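Structure, as structure tokens:
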Amino acid sequence: MAKQRIQAVRGMNDLLPEQTPAWQAVEALLRDLAQGYGYAEIRLPIVEKTELFRRSIGEVTDIVEKEMYTFEDRNGERLTLRPEGTAGCVRACIQHGLLHTPGRRLWYLGPMFRHERPQKGRYRQFHQFGVEAFGLPGPDIDAEQILMTARLWQRLGLEGLRLEINSLGSPEARRDYRRLLVDYLRGHYQRLDEDSRRRLETNPLRILDSKHPEVQEVVAGAPRLLDHLDAESRAHFETLLALLREAGVDYHVNPRLVRGLDYYTRTVFEWTTDRLGAQGTVCAGGRYDGLVAYLGGPPTPAVGFALGLERLLALLEASGRLPETEAPHAYLVLAGEGTDRAGLALAERLRSAVPGLRLVVNAGGGSFKAQFKRADRSGAAWAIVLGEGELASGTLGFKPLRGEGEQETLDEATLVARLHQVVHSGPA
RNA sequence: GUGGACGUAGCUCAGCUGGUAGAGCACAGGAUUGUGGCUCCUGCGGUCGUGGGUUCAAUUCCCAUCGUCCACCCCA
């Protein structure tokens, strides 16, 4: 180990070449999935004014209180690296008048930043795929988004994910319930831990979520939010559950599920797994009917979810479902006087003649032996050989590196035809 | 922010109660004068995270610091 070599910032990871193929495959699948449901991509800045997050996420949330990367730019303006995607998306929609068209469906993908202590499945820079739908008040769109995620698991070959779902009701119902809950918890004040006592003042609903055993016992006897929903939210929730049942999606109603961000109303849900240790939430979302108006836009109901890419990739790996890297179709071996130049030109002709061809040209010289070794390690299915003999006779060697078969001697036109077959017969 | 474990070659790791370092993989070359995958041989590669302390002597013991991992908290 060298001495004071500069290292990456804690919790911010490089994605190395052996990992990027899987990421690319997952990203392509997500793009495809979103488009398959009529969602359009929106690309948003990574930096926003601090005020946006303070207002949308909530002043007393952990994210705003202690996890944001906030700084002053040269004008003295307070800016923050986005800790999540919804706030910026809503801001952009308001700013550009996108919400005058009802039924906007949007998706985005990119890095988010939170200053937390890193651990498995939790990083300071992480990536989310997010989806938002605006102007649609009914449970049909909630269901659509949950079905979208269920389809994703299926397409990735993932099993065993658990859907937890709950309703937080209208802001009014939530406020009334909050009072009930605070009264109840005050009655058990002695049994609450320090954190929960503090939240009693700031955000009592989150006490429901506590992992503290003693607090959990207290919470078990608390009044249930689901029993105090307003009629409209109740109907919304019931319909959503019915839609899920009809679609064959299993769910677990979890009355203690409370999402961390303040802006949620009515539907909240999480997809969780027990295969990722403590950070088992792979995807989470819900409805936030009040946020758009709160941020100064036209009153607009909205639903969305976010999915953690690092967690999804980790789960794929744990499940043995990581997408494979796409090896080259062929490796061009070049040895002998004049074959470098001829080879480079040949490779260009082949790439033009065979769209989709993944062809690696040997660079840096080396003996036949060394070059075949590289060809093998590249994972290529075929070696194309251009040596002095081939150069003189205007032919090419074509040798299978994976299965059975002898090396053949072909002319260029025949080679092109063979490469077409290789490219179109799928992965070797 | 709190707690615990761990930092030895590019990677995965060994190194018993202190005597200045090893293996496998990878990489390069050879056995095979134009042909990989198996085998064998050779070679390259480390101021043992960093700084300080104890000691005749520290990779080994102590302290600090940085980093990694796991958990708490919280969340994707």
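If r is the Cβ-Cβ distance from A:D250 to A:S352 and R0 is 60 Å, what FRET efficiency results, to the nearest 0.05? Each step should come with its number before you reach the end.
On the way: r = 51 Å, r/R0 = 0.86.
According to the calculation, E is roughly 0.70.
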Alpha-carbon Rg with Dmax, taken over the range A:204-255, Å
13.9, 39
Report the Cα centroid-to-centroid distance between the range A:74-90 and the range A:166-189 in angstrom, as an integer.
31 Å
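Taking only the Cα atoms of the range A:165-222, how large is their convex hull per residue, in Å³?
80 Å³
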Tell me, in nm to one decimal, what length is gained between A:Q24 and A:T414 on full extension, where the rule is 0.36 nm per residue of separation less the Cα-Cα distance?
137.1 nm
Given the rule -39500 (n - 2.57) for each run of at least 4 DSSP H residues, summed and divided by the residues of chain A, what is its mean residue ellipticity at 222 nm, to the nearest 500 deg cm²/dmol?
-11500 deg cm²/dmol
Using +1 at the C-beta of Lys and Arg and -1 at the C-beta of Asp and Glu, which of A:L152, A:A22, A:F53 has the Cα lying farthest in the positive direction of the dipole of chain A?
A:F53
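Taking every eigenvalue of the Cα gyration tensor of the range A:330-424, multiplying by 5 and rooting it, what semi-axes result, largest first, whole Å? The partial results should precede the final answer.
Values: eigenvalues 62, 49, 34 Å².
That gives 18, 16, 13 Å for the three semi-axes.
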Pull up the cross-link candidates among the lysines for A:K369, meaning alpha carbon to alpha carbon under 21 Å and not fewer than 8 places away within one chain.
A:K399
With +1 on each Lys and Arg Cβ and -1 on each Asp and Glu Cβ, how big is the dipole of the range A:330-424 about its Cα centre, in debye rounded to the nearest 20?
440 debye
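Kirkwood-based Rg over Rh for chain A (C-alpha set), two decimals? Numbers along the way, then the final one.
On the way: Rg = 27.9 Å, Rh = 25.3 Å.
Rg/Rh: 1.10.
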In Å, the Kirkwood hydrodynamic radius of the range A:90-184 over pairs of distinct alpha carbons?
17.1 Å
If amide H atoms are modeled at 1.01 Å from N in the peptide plane, then the residues at a separation of 5 or more from A:H127, or on another chain, having amide H under 5 Å from its own are A:M112, A:L309, A:E310
Relative contact order of the range A:330-424, please, whole-number percent, based on alpha carbon pairs below 8 angstrom and at least 6 residues apart.
31 percent
Karplus 3J(HN,Hα) series, Hz, for the range A:116-132 with 6.51 cos²θ - 1.76 cosθ + 1.60 (x for Gly, Pro):
10, 6, x, 7, 4, x, 9, 9, 7, 10, 9, 10, 10, 9, x, 9, 9
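Taken together, the values in this text are just the output of simple stated rules run on the coordinates, not laboratory data. From a predicted model like this one, the values you see are computed outputs, not experimental measurements. Quick reminder, even Gly has a Cβ in these numbers, built from the backbone with ideal geometry, and neighbours come from all protein chains shown.
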